[in-house]
Amino acid sequence: MKLYLLRHGETDWNVTWRLQGSSDIPLNEKGIAQAREAAARYAGYPFTAVFSSPLQRAVTTAELIAAPHGLTVMIDERLTEMNFGALEGTTPEESALDPVLSDVRTKLFDDPPAYIPAGNGETYPQVRERCRSFLEELHRQFGNQDHILVSAHGALCKALLWTIMDTPLSEFWHTPPQPNCSVIEIDW
């Protein structure tokens, strides 16, 4: 099976480094243009299915890419971005003003094993369990020759990779950030 992990197009919150998480933020004009460019770039790919997070920034991106293939986007709640709790909607500068949020944000990115979410946020193991469930179902539902596009989010794409590669949690953020509307291809 070939998986294509796609990060959604740009939003206004991406531009200001505002942590989106499970907040449902739409694509901005540049993000829509990025999704259209990606649709043209991937028009010749042999996708057999397209899955998306239910958040509109991922759905819009997926729909634009799926259209040339005549595929319907399948929404899956397990692909929702990690819920960052009280950090959602904050920029690094804003969270730095609150000692508790500053510590939580630092551990989120610099020390994932020590991360404890503030508010109603998710833990890394909770996100991994969602990813594992999704991947196991994909494996049961589709064959080895299938090409599956997954439209999701920065942390969620990293969590899918973390789950597939079974790397230590401490290495979660060690790969470079995935640019908006870029794809990571995995033979799985």
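The values are calculated or read from the model by the stated rules, or taken from the named source; none is laboratory data. Note that the structure is a prediction, hence the values are computed from the model and not measured. Here the Cβ positions follow ideal geometry from the backbone for every residue, glycine too, while neighbour counts run over all protein chains shown. Note: accessible area is taken over every heavy atom of the protein model, side chains too, but ligands, DNA and RNA are not part of it. Shrake-Rupley method; radii C 1.70, N 1.55, O 1.52, S 1.80 Å.
Worth a mention:
- Extension gain, Thr106 back to Met165 (0.36 nm per residue minus Cα-Cα distance, nm): 18.8 nm
- Listed values for segment 140-150 are Karplus-derived 3J(HN,Hα) couplings in whole Hz (6.51 cos²θ - 1.76 cosθ + 1.60, θ = phi - 60°), namely 5, 7, 10, x, 5, 8, 6, 10, 10, 9, 10, and x replaces Gly and Pro.
- Nearest-10 value in Å² for the accessible area of His139, using the 1.4 Å probe: 100
- Taken as Cα centroids, segment 80-108 and segment 37-57 sit 30 Å apart, rounded to the nearest whole angstrom.
- Close amide-amide hydrogen proximity is noted between Ser52 and Met74, Ile75, Asp76, Ser151, each under 5 Å apart and 5 or more residues distant or on a separate chain (H modeled in the peptide plane; Pro and chain starts excluded).
- Whichever aspartates and glutamates have a C-alpha closer than 17 Å to that of Lys107, once near sequence neighbours (fewer than 8 apart) are set aside: Glu88, Glu93, Glu94, Asp98, Glu122, Glu171
- Evaluated at q = 0.22 Å⁻¹, the base-10 log of the normalised Debye intensity for segment 38-102, with identical point scatterers placed on the Cα atoms, takes the values -0.85.
- Computed [θ] at 222 nm, helices only, for the chain once each DSSP H run of length n ≥ 4 contributes -39500 (n - 2.57): -12000 deg cm²/dmol
- GNM flexibility winner over the chain from Phe47, Phe84, Phe142 (Cα, springs under 10 Å): Phe142
- Computed log10 I(q)/I(0) for segment 32-163 at 0.11, 0.21 Å⁻¹: -0.47, -1.18, from the Debye equation with unit scatterers placed on every C-alpha and solvent omitted.
- The charge dipole of segment 1-157, taken about its Cα centre with unit charges on the Cβ of Lys, Arg, Asp and Glu (plus for the first two, minus for the last two), comes to roughly 540 debye.
- Since only Tyr4, Pro112, Pro99 are under comparison, the one whose Cα sits farthest along the positive direction of the charge dipole of segment 1-119, derived from C-beta charges on Lys, Arg, Asp and Glu, is Tyr4.
- Segment 58-181: relative contact order in percent, alpha carbon pairs under 8 Å with at least 6 residues between: 30
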